[in-house]
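Read the structure below first, then the notes.
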Amino acid sequence: MSASRRTLVVCCPDWPVTASGRPPLEPVAVLAAQRVVAASAPARAQGVRPGQRRREAQACCPALTVLAADPGQELRAFEPVVEALERLGAPVAVGSPGWAALSTRGPARYHGGEQALAAAVAAHLAGVLPPGSWRVGVADGPFAATLAARAGGPVVIVPAGATAGFLAPLAVELIGQPELADLLRRLGVATLGALAALDEADVLARFGAEGAEAHRRAGGRDEQRLHGRKLPPELAVGTVLDPPAERIDQVAFAAKALAVSLGEGLSRHGLACTQLAVEMVTSDGCELRRVWSQEGAWSPSLVAERLRW
């Protein structure tokens with residue numbers, strides 16, 4: 001039985017294009033250092049491929065829209081996707097924008113199986129991503145789950161224990177180590193199954209630790225562990241004045257206590273407040289809200305002053 005943990009991976013092919021917000025039917029290519037790093041489906045249909053130079057891509061598709069890569073925008077655009085996955089109640093590991101993973105162990109039990117969990121993930125993604133821009137894969141370990149997601153879709157589930165058979169016919173280049181894959185190909189090892197069939201000790205002696213890791217993954221024994229990102233602490237503070245305050249000094253007294261509590265909570269986590277939102281509800285149901293921003297951290301006294309305002 002595989003020692004790898006069952007893993008669900010969300011993969012968004014050509015994420016830089018999706019993050020740009022361009023219409024899905026428009027031929028688009030995203031370039032970095034004058035080479036294509038991602039292309040939309042219409043562009044790929046006309047021969048545009050990652051790695052091409054700008055002129056090569058435009059020669060394939062004269063109507064091509066060329067965009068410069070924007071890593072910051074790609075990160076910001078992926079945040080709603082991660083937040084949607086976190087609503088499933090499991091820690092989410094985030095790699096490069098367009099890739100996220102979670103262990104299925106707890107969530108699958110809660111939802112009634114991996115198929116039901118994948119359906120729940122699909123429903124969450126449908127609310128934040130355009131149709132066809134995402135895929136879900138489930139397998140033994142992140143490596144195989146990623147390849148399952150890329151294999152087709154929108155959802156591909158490799159049964160537990162069947163990962164080695166799923167990986168066997170795939171090209172050795174998918175191991176993700178170009179130099180090692182090139183050497184293996186020249187030695188006649190063309191598939192992940194052929195790599196997995198080699199003796200583990202021989203692989204370690206010939207190719208070192210990286211080769212041994214590739215050998216384990218090719219055999220469906222991925223030992224990579226997911227490290228879910230830490231959710232930001234909930235540090236909002238509030239109070240209910242019962243009976244309702246009738247004088248401003250009563251509100252100011254409560255405001256000072258809230259400001260101190262907020263400051264202590266931020267300090268424990270090594271954080272500082274740079275934007276402050278204050279909400280108040282009066283006894284007759286009137287809601288008051290104000291947001292303040294400033295450069296530098298807010299001290300408790302400054303927070304109390306704004307609350308008094």
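No value in this document is a laboratory result; all are computed from the given coordinates. Every value quoted in this text rests on a predicted model; they were computed, and no experiment measured them. Here the Cβ positions follow ideal geometry from the backbone for every residue, glycine too, while neighbour counts run over all protein chains shown.
Measuring r between the beta carbons of ARG109 and GLU305 and using R0 = 45 Å, the FRET efficiency lands at 0.35.
Of the Cα atoms belonging to segment 248-308, the radius of gyration and Dmax stand at 12.2, 39 Å.
Result for the chain in a Gaussian network model with C-alpha springs under 10 Å: among GLY89, GLY285, GLY193, the largest mean-square fluctuation is at GLY285. The peptide list 5-16, 253-264, 96-107, put in order of mean Cβ contacts within 10 Å with the highest first, becomes 5-16, 96-107, 253-264.
So what is the relative contact order for the chain, in percent, with contacts set as C-alpha pairs under 8 Å and at least six apart? Mind dumping the intermediate values first?
On the way: 481 pairs, mean separation 49.1, N = 309.
That works out to 16 percent.
Computed packing ranks the peptides 286-292, 209-215 as 209-215, 286-292, most packed first, by mean other Cβ atoms within 10 Å.
Dividing the Cα radius of gyration of the chain by 2.2 N^0.38 Å, with N the residue count, gives 1.33.
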